[in-house]
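Here is the structure we will look at, set down as structure tokens.
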Amino acid sequence: MARLRRVTVPGRRSFEYVSQGTGPATLLVHPGGPGLTYHYLRPLLRLANRNLRVILFNPRGVGHSWGPRRAADYTVENLAEDVEAIRRALKIRELHLLGYSAGGFAALEYAHRYERHLTSLLLCASAGSAEEVRAAYRLMTGSASPRQRQRLRELTRKKAFDDPEYKALSEAIARPFQTRFLHSDPPDWKATKVSPAVYAAMMTRTGDDFAVDGTIARWDGRRYYSKIEVPTLVVVGRYDYFFEPATEMNERIEPAHLRVLPRSSHLAVLEQPREFVGTIREFLGDVTGG
């Protein structure tokens with residue numbers, strides 16, 4: 001198993017990460033949530049070899065990585081700046097940046113700010129704006145049963161967001177779009193932890209799982225699509241709530257290539273791990289010349 005390491009960047013900010021392989025190419029993996037640790041993305045470590053280093057890291061406020069005290073400092077823009085700080089500290093010269101789910105927001109923002117440092121961009125199970133996140137939430141709640149929708153409205157009116165019934169109902173509504181093909185929790189998913197503070201700061205200050213009122217509320221990375229020139233891979237599960245946004249990414253990012261995994265929803269990396277990792281391997285082989 002890859003050994004846990006730490007990297008310190010200017011400002012005495014320290015991030016924990018695991019690394020496997022050597023290089024010269026580096027696949028830097030930004031997990032989603034926001035607020036999830038990297039553990040569910042450990043299947044990607046299988047890609048590591050003497051030509052490719054794979055790095056999974058915990059973003060600010062996640063796990064035992066450094067985190068600011070102010071909720072306002074948990075922004076997509078700051079996550080992108082952290083990526084650049086880590087790139088410099090680890091002396092990454094050939095950067096292949098993979099963002100999973102909300103990690104894709106940071107990857108898009110990084111591509112906008114630092115494309116000159118990018119060799120390729122990989123956007124997995126992701127979207128390009130807060131507006132699309134809201135649309136995904138409407139898709140999920142609209143697909144719920146009448147009884148589920150009624151009970152969700154009742155609990156939402158009461159603002160009972162900490163009620164175990166609300167949490168269970170929220171998970172049940174999301175399951176067909178998030179973990180449709182998982183019949184049990186894989187070890188990598190069990191090992192994954194979430195930072196409630198990071199999730200609340202960025203996604204939902206109120207605790208409403210179907211609201212977007214955190215720091216990403218007005219973020220829109222779709223305006224970057226037409227400017228992206230590096231080879232780009234878009235990967236999405238057929239039943240992912242971000243399926244439509246991923247399709248738009250593919251259509252609007254000129255050098256993009258889309259791969260749809262037919263027996264996956266949002267957690268394609270765990271639902272179809274062999275196919276997911278194989279897709280990443282094939283893409284990286286193409287852009288690095290093998």
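The values are calculated or read from the model by the stated rules, or taken from the named source; none is laboratory data. These numbers were taken from a predicted model, which means no experiment stands behind them. Positions of Cβ are generated from backbone atoms using ideal geometry, with glycine treated the same way; all protein chains shown enter the neighbour counts.
Worth a mention:
- Of all residues in the stretch 123-166, those that are within 17 Å of GLY33 (Cα to Cα) and free of Cβ contacts under 8 Å to residues at least 40 places away in the same chain total 0.
- Residue check for THR8: farther than 18 Å from GLY104 by Cα and part of a strand (DSSP E or B): yes
- Count of the stretch 1-15 residues which are among the hydrophobic types (A, V, I, L, M, F, W, C), more than 21 Å from the chain's Cα centre (by Cα) and loosely packed, with under 13 Cβ neighbours inside 10 Å: 1
- For THR75, the test of being closer than 24 Å to ALA127 by Cα and of a type in the set (S, T, N, Q) is passed.
- With respect to the conditions (1) among the aliphatic types (A, V, I, L, M); (2) surrounded by fewer than 21 Cβ atoms within 10 Å (Cβ to Cβ); (3) at pLDDT 95 or above, VAL287 lacks only one, and its number is (3).
- Residues that are buried (at least 16 other Cβ atoms within 10 Å of the Cβ), aliphatic (A, V, I, L, M) and in a helix (DSSP H, G or I), drawn from the stretch 136-166: ALA136, MET140, LEU152, LEU155
- Qualifying position, being under 23 Å from TRP189 (Cα atoms), in a loop (DSSP other than H, G, I, E, B) and of a type in the set (D, E, K, R), among ARG281, ARG263, ARG274: ARG263
- Some residue of the stretch 47-63 being assigned to a loop (DSSP other than H, G, I, E, B), more than 15 Å from the chain's Cα centre (by Cα), farther than 26 Å from THR232 by Cβ and of a type in the set (S, T, N, Q): no
- Screening ALA127 on (1) crowded, with 21+ Cβ neighbours inside 10 Å; (2) in contact with a strand residue (DSSP E or B) (Cβ under 7 Å, 6 or more places away or on another chain) shows it passes everything except condition (2).
- Annotation note: of VAL230, VAL234, the sole residue that is under 17 Å from the mean Cα position of the chain (by Cα) and either under 23 Å from LEU79 (Cα atoms) or at pLDDT below 95 (or both) is VAL234.
- Annotation for the stretch 274-284: no member residue is farther than 14 Å from VAL133 by Cβ, at pLDDT below 95 and polar (S, T, N, Q).
- Residue match in the stretch 211-234 (condition: of a type in the set (S, T, N, Q) and out of contact with any strand residue (DSSP E or B) (no Cβ under 7 Å at 6 or more places or on another chain)): yes
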